[in-house]
Each structure stands twice: as C-alpha cells, then as structure tokens.
Amino acid sequence: MMILVADDENDIRNLLKISLEENGYTVVTAENGKQAMEMIENRPIDLAILDVMMPILDGFNLLRKIRETSTIPVIFLTARTDEMDKILGLGLGADDYLAKPFSIAELLARVSAQLRRSNEYREPSAPTVTLLTYEELTIDTESCCVYRAGNPIELGAKEYKLLRYFMENPERVFTKQQLYDAIWDEAFYYNDNTVMVHISRLRNKIEDDPQKPEYLKTIRGIGYKLHYIRPKR
C-alpha cells in the first residue's frame, strides 16, 4: 500500500514516513498541496494524510481537487481543531480528521481501518457460481435442480452429490474409494458395491442408453469419470 503524507513541517513528514514504513507501508511525501496533487496524479496512491495549512494549495482545496477524480481515503492531520473546520473537511469528502498533537499508534490504527474499508468497497467478493454445466447437463447448485437439455431430472440425494462431484471435476478419473470418501461420511469397505449401485441409478436417469453411457464412463480397473465425446458429423 502506498501512502502520501503531505505536510509543510519537515519533522512531521519524517516522523510519519518512518512510522508508516516500519509498519510495512510505502510512503511518499510532499511539502505543499501542489506537490501532493502531482503525486496523486502520477502514482498509485492508496491513502493520503494531509495537513490543512499548507502553502501554495491548502488541504481543503487539495481535497476538492482530489475528489474530482479519486475516491482514495483521506485523513486530515492538523492543528486546527475548530469544529467548523472539521465539519468542512468531512463535508468536502475527508474520511477522518485527527488533531495535532496526535498519537502515532492511533494514527496507524486509523490508517489501517480506512485502508481495510476502502479495499472492501473497491474489491467486491466474486459472485457465487450457481450453475454447473457440462454439455447438455446442468445443475443449479442453489436450488439443487438437475437438467438435461433443459428437461428436469429427479435425483436422490447421493445421486445428486455424485453428479455434482463429477461435474465439478470433469474428465478426471475417480476410484470407488475416492468417490465414496467424497460423498459418504463413513468408512469405505473394499467389497462395498454402494458406489457402483448409485452410479448405475444415476446412469438410468441421465443417459439415453445406460448400457452405453455417453457421460459416466467406466475406466476398467480404475473407476469412473465424466467424459463426453461429441458425435462426428
């Protein structure tokens, strides 16, 4: 994360730079608002800490310019503690306001909180995939419905779990034990025909000819896999 510190006091700039870098941040500094704006325009700044009283371009006017193009978190750090100044800063789009003298520990906590909040808003979680599709087979994992070529297929719970497992891992060969471990919550016995029986039931429901399956193929001496070969035209 890259943080911009803009303050006309050299001692404060150095103190913040050292403290932030010790906590793993990359820090760039500016001694006036004009320099700060140039850095924001030319660097991937993740958060800005701004003094209000800076030469050339003060913190309030700098924030106005920032908000024309950017939504990065901005923390004001200033000796001006008048309530109207704070209201003005927050009204212009500041995310936090810390008065001098300040605690480094508190500033670091506020920086961390603003970056966390910013990243949560900026990086929405990936949408949940609710449809699994393999050739003509489709599973709606939210409603647990199964379709072939758009036509619904009624499956038992274990049959559904087997088909879903195959469709989540197409073209992969599974032994009976691997399938049993993935679907059943009990010990596997070598001579147990449970998997074979459920594979047979599943084929009866999804295949045109269960004796010549197009989808669930037996790999002799190993197990089963979901594998479809398109017919040649």
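Here are a few things to note about the model shown:
- Length gained on full extension, Thr26 to Lys217, computed as 0.36 nm times the residue gap minus the Cα-Cα distance: 63.2 nm.
- One decimal place: the segment Asn119-Tyr147 gains 6.2 nm when fully extended, by the rule 0.36 nm per residue minus the C-alpha distance.
- Rounded to whole Hz, the Karplus (6.51, -1.76, 1.60) HN-Hα couplings of region 172-179, x for glycine and proline: 9, 8, 10, 7, 4, 5, 4, 5
- Around the Cα centre of the chain, unit charges on the Cβ atoms of Lys, Arg, Asp and Glu (plus for the first two, minus for the last two) sum to a dipole of about 1420 debye.
- For Tyr97, the residues whose amide H sits under 5 Å from its own are Phe76, ignoring neighbours fewer than 5 places away on the same chain, with H placed 1.01 Å from N.
- Residues with amide H under 5 Å from that of Val5, placed H, sequence gap 5 or more: Val28, Thr29, Ala30, Ile49
- Degrees between helix 83-92 axis and first principal axis of the chain (Cα, 0 to 90, nearest 10): 40
- For Cys145, the residues whose modelled amide H falls within less than 5 Å of its own, excluding neighbours fewer than 5 places apart on the same chain, are Asp140.
- Positive-end ranking of Ile183, Leu107, Tyr25 along the dipole of the chain, with charges on Cβ about the Cα centre, is headed by Ile183.
Computed from the coordinates by the stated procedures, all read-outs in this text should not be read as laboratory data. Note that the coordinates shown come from a computational prediction; the quantities given were computed from them, not determined experimentally. Methodologically, a virtual Cβ is constructed for each residue, glycine included, from the backbone with ideal geometry; neighbour enumeration extends over all protein chains shown.
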